[in-house]
Amino acid sequence: MSNSDSTAAAPARASTEFTHRQILTILAGLMMGMFLAALDQTIMATATRTIADDLHGFDIQAWATTAFLITSTISTPLYGKLSDLYGRRPFFLFAIGIFVVGSFLCGLSQNMYELAAFRAIQGIGAGGLMSLALAIIGDIVPPRERAKYQGYFLAVFGTASVLGPILGGFFAGADNILWVDGWRWVFYLNVPIGIAAMVVVARVLHLPHTRVDHRIDWPGAVALIVGLVPLLTIAEQGRAWGWDSGRAFLCYIIGAIGLVAFVLAERAYGDEALLPIRLFRNRTIAVGATSSTILGMAMFGGLMTVPLYLQIVKGSSATLAGLQMIPFVFGIMSGSIISGQLIARTGRYRIFPIIGSTLMVAALALFATIGADTPLWRVMLIMVLMGLGLGGNMQPMITAVQNAVSPREIGVATSSVTFFRSMGGTLGTAVFLSVLFNVLPNKIGSAFTTAQGTPEFQQALAANPAQAQVLQQAAGQQDDTSWLNSLPDVLTHPYKVGFSDGIQVVFLLALAVMVVGLIVVFFLPEIPLSMRSAQQQRADDALAAENSMGVPGEVGAGPLTDEEIHTPDRTSKSH
């Protein structure tokens, strides 16, 4: 290779390398975008009831959640594929922008139907915030260093999970803030944060990208929408409709037709497909997708019951329950930081999903033993264990998947893992909530039958007959538990015992699911982590194509650098 060629190559390579300070600057913008999506999910948990009451739509409030879930889930793989083709920056800015617009419109809602429609707009933006942020980190950070930076993202989710319930309770409890209904600030809060994120991202995120014209898999996108919309709808509404109702079967049929059409479309489009089927022949991708689905089921389906336990059994307010979840957040952050540092030092990642899944199995088994009289400190210790398992599982799996694919497919691979985790969470939430509310009547009835034979319970009823009437009317209700605060603990304790027994069933089911997940991660292969970022690899590939039509070692190919000699060919090993 001539001196002029070498000189020309230097700036090309340099332009794809980022310093630690540059990475942190870019990371700040990415985390602001992800914070929007994370905060929106947690802040709504404590504000939804107030919003539904004010908009006179308590009986249809679930549609606001369902609309957001449908659009965010469906748009996730679209962002991944389109950003691989046309670059990350414009789509990440679009995701933030559409999320801000949706948030502002949600704040203007006058009824629950408008809120559901505007939440759907929000979901379109949210679908790109998480997957694109992870893909961008894959572009600028080598796999061996990537887990360290991805740990910051879990810190964002941890912070949002603590701040969300507190802010949601504050805004929902305020009649007016600056002459505006308090709950509307749940959505308006996103506007300044989103605008600031767009400014930061627009200024600091400049990634070189070579446009490659491809067919857009619109048939696959439409088929995915036809398949997922009815299935996600029945997952959210099935308990209210009835799983064997006419509407449910219609959703099953349309969803199945859509999924079959989606598979046919992906086969027809080959490498240009929205989710190329070829990727799932890669063992790392197949294990990652399967594991993420199971992890989503166990994580969302199991942990959604912990706040219920804290509020109903322990009597915590929604805000206090959010604060009591801090040990769980601490566990996630610690597990992520520890695994990220060890991956950077050792270059090995396979052991961490295995350890993380094992810790989650142990935590779910311990959760299945908690009862109405279990000390709160013991529950919090189990939260730490669960968080350590999640922190050691989620980000190393993303690193493994990104490391196993071509640099040009990082977006679609990352969005695939995020997509399957979201689907697993939706399925787990639907199944576990149905199980919980199906077993509660018998569990609570048995607990009251046992308590009625005790002198303490009989004395409490005899002392105040009016309380006995309240108890008889309310004990069978599951949609309103406010009466628990108006009766003595002796009378409410059986309800709490029955509720705890019902939650134990959910945790046992989540435990069984997570055992399968532990078995799955044992099939994850260990592929040497590349020392170059996706941007560097793409630049090197382009440079090699320009300077040589041969292969390394042949005339015109140029000498191999020390880095190229000693860096394993991870791409060939991954397939």
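The values are calculated or read from the model by the stated rules, or taken from the named source; none is laboratory data. As the structure is a prediction and not an experimental result, all values here were calculated from the model. All Cβ positions, glycine included, derive from the backbone under ideal geometry; neighbour counts span all protein chains shown.
Can residue 89 be described as at pLDDT below 85 and of a type in the set (Lys, Arg)? No, not satisfied. Residue count for region 53-103 satisfying the condition of being closer than 23 Å to residue 275 by Cα and of a type in the set (Val, Ile, Thr): 5. Scan region 449-463 residue by residue and report those that are polar (S, T, N, Q) and closer than 12 Å to residue 494 by Cα. 449, 450, 452, 454 - these are the residues of region 449-463 that are polar (S, T, N, Q) and closer than 12 Å to residue 494 by Cα. Is it the case, given these coordinates, that residue 490 is modelled with pLDDT of 90 or more, part of a helix (DSSP H, G or I) and over 16 Å from residue 305 (Cα atoms)? Judged against the criteria, residue 490 is not a match. Check region 390-399 and report whether any residue there is more than 18 Å from the chain's Cα centre (by Cα) and β-branched (Val, Ile, Thr). For region 390-399, residues more than 18 Å from the chain's Cα centre (by Cα) and β-branched (Val, Ile, Thr): absent. Scanning region 331-366 for residues that are under 22 Å from the mean Cα position of the chain (by Cα) and hydroxyl-bearing (Ser, Thr, Tyr) turns up 334, 336, 339, 349, 357, 358. Of all residues in region 85-122, those being surrounded by 24 or more Cβ atoms within 10 Å (Cβ to Cβ) and touching a residue at least 40 places away in the same chain (Cβ under 8 Å) number 10. Scanning region 350-376 for residues that are of a type in the set (S, T, N, Q) and surrounded by fewer than 18 Cβ atoms within 10 Å (Cβ to Cβ) gives 358, 369, 374.
Residues of region 343-369 that are charged (D, E, K, R) and within 19 Å of residue 291 (Cα to Cα): 348, 350. Beta carbons closer than 9 Å, at least 6 apart along the sequence or on distinct chains, pair a first residue in region 386-407 that is free of Cβ contacts under 8 Å to residues at least 60 places away in the same chain with a second that is hydroxyl-bearing (Ser, Thr, Tyr) and surrounded by fewer than 24 Cβ atoms within 10 Å (Cβ to Cβ) for 388/334; 389/358. Among the criteria (1) in a helix (DSSP H, G or I); (2) aliphatic (A, V, I, L, M); (3) under 18 Å from residue 416 (Cα atoms); (4) in contact (Cβ under 8 Å) with a residue 40 or more places away in the chain, the one residue 201 does not fulfil is (3). Here 308, 320 are screened, and the one residue that is over 20 Å from the mean Cα position of the chain (by Cα) and either part of a helix (DSSP H, G or I) or touching a residue at least 40 places away in the same chain (Cβ under 8 Å) (or both) is 320. Considering only region 382-389, I want to know if a residue exists there that is out of contact with any Phe, Trp or Tyr (no Cβ under 7 Å at 6 or more places or on another chain), closer than 15 Å to residue 294 by Cβ, crowded, with 20+ Cβ neighbours inside 10 Å and not basic (Lys, Arg). Among the residues of region 382-389, at least one is out of contact with any Phe, Trp or Tyr (no Cβ under 7 Å at 6 or more places or on another chain), closer than 15 Å to residue 294 by Cβ, crowded, with 20+ Cβ neighbours inside 10 Å and not basic (Lys, Arg), which makes the answer yes. Residues of region 150-206 that are among the small types (Gly, Ala, Ser) and closer than 20 Å to residue 131 by Cβ: 151, 155, 158, 160, 161, 194, 197, 202.
Here residue 37 clears all of (1) touching a residue at least 60 places away in the same chain (Cβ under 8 Å); (2) surrounded by fewer than 24 Cβ atoms within 10 Å (Cβ to Cβ) except the condition numbered (2). Taking the condition outside the structural domain of residue 494 (by TED's automatic domain parsing), under 21 Å from the mean Cα position of the chain (by Cα) and not small (Gly, Ala, Ser), does residue 376 pass? So residue 376 does not fit the description; no.
As a summary of the residue check, residue 526 satisfies the conditions (1) in contact with a Phe, Trp or Tyr (Cβ under 9 Å, 6 or more places away or on another chain); (2) at pLDDT 65 or above; (3) buried (at least 17 other Cβ atoms within 10 Å of the Cβ) except for the one numbered (3). Inside region 275-293, residues that are small (Gly, Ala, Ser) and farther than 21 Å from residue 220 by Cα make up a count of 3.
For every residue, the table says whether it meets (1) assigned to a helix (DSSP H, G or I); (2) under 27 Å from residue 124 (Cα atoms); (3) at pLDDT 85 or above; (4) not polar (S, T, N, Q).
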| site | (1), (2), (3), (4) |
| --- | --- |
| 336 | yes, no, no, no |
| 372 | no, no, yes, yes |
| 397 | yes, yes, yes, yes |
| 412 | yes, yes, no, yes |
| 415 | yes, yes, no, no |
| 422 | yes, yes, no, no |
